[in-house]
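Right, one structure below, let's go through it.
Throughout, read-outs are computed from the coordinates displayed, never taken from laboratory work. All figures in this text were calculated on a predicted structure; none of them were measured in a lab. No Cβ is skipped: glycine too gets one built from the backbone with ideal geometry, and neighbour counts run over all protein chains shown.
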Amino acid sequence: MADANVGAPVSRHSVEERIGMLEELLDERYSVRAFLPQPVPRETVEHVLKVAQRTASWCNSQPWQVVIASGEAKERFRKLIYGEAASGAEDGHDFPPPREYLGVYLQRRRESGFQLYNTLGIARGDKAAYAKQALENYNFFGAPHVAIIHTDEALGVYGAIDCGGYVGNFMLAAQALGLGTIPQAALARHSGLIRRHFNLGDDRRVVCGISFGFADHAHKVNSYRTSRASIADTVTFIEE
């Protein structure tokens, strides 16, 4: 039998320790919907960014560009995008959102939504309360920082896919450093506003936002966890 470590780089951790650390981070991470107001030190933010920058990408294009708003800059942006969202206006996604959720995808979406509403004591069918909670996306759930992830129009959907990998690694790095995160496609509904506000070029395409900071672990909205499908539900092995 071949040695699984042949050709592997030397590490101070065993294989079990390495995969164990990754599993722990993945198990711990969740979408935080209530943050403490204290800002994250710049050196910690830069550490997250340094780790996330190792993300793999098509032809090593590294298409992600990141705008991080904090302090008064975050407040100005929050007021602007919240006002537009609360008015019912939007200028649309740069990438088409899902046309509809069907079958198991609809089931998973509903399960996740009802977990949120039940945790907050929102009655099933209370559309006004649903809408009010959805608007909290545009308050960044109280996070002291929000990152906007954007890519180059010419790279198309594969540039966006690479940005998705970056978002995943950003969140894992943040988790490892004691931070909470929530990825937000909702912010991309206002891509035109984002481009104008941050003076991004017309060739930039907004993928999503990430609100981040220190999670408020005492808040009830952070008490539930979503489920995950089994390997049997998501993988087909073909061996002959």
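Worth pointing out:
- Taking Thr44, Thr151, Thr181 as the candidate residues, the one with maximal mean-square fluctuation in a Gaussian network model of the chain, Cα springs under 10 Å, is Thr44.
- Helix axis angle, 71-87 relative to the chain longest principal axis, alpha carbon, degrees: 60
- Stokes-Einstein diffusion coefficient of the chain, Kirkwood radius over Cα pairs, 25 °C, 0.890 mPa s, in µm²/s: 124
- Bridging of Lys127 to lysines at a Cα separation below 21 Å is possible for Lys220, once same-chain residues fewer than 8 apart are set aside.
- Less than 5 angstrom separates the built amide H of Thr181 from those of Tyr30, Val32, all sequence-distant by 5 or more or on a different chain.
- Per-residue ellipticity at 222 nm computed for the chain from its helices equals -13000 deg cm²/dmol, with DSSP H segments shorter than 4 residues left out and the rest contributing -39,500 (n - 2.57).
- Rounded tilt (10° steps) of 156-176 against the dominant C-alpha axis of the chain: 80
- Going by neighbour counts of Cβ atoms within 10 Å, the residues His150, His47 line up, fewest first, as His47, His150.
- Gap separating the Cα centres of segment 123-152 and segment 164-240, nearest whole Å: 13
- In plain terms, the residue of Trp64, Trp58 with the fewest other Cβ atoms within 10 Å comes first and the most crowded comes last, giving Trp58, Trp64.
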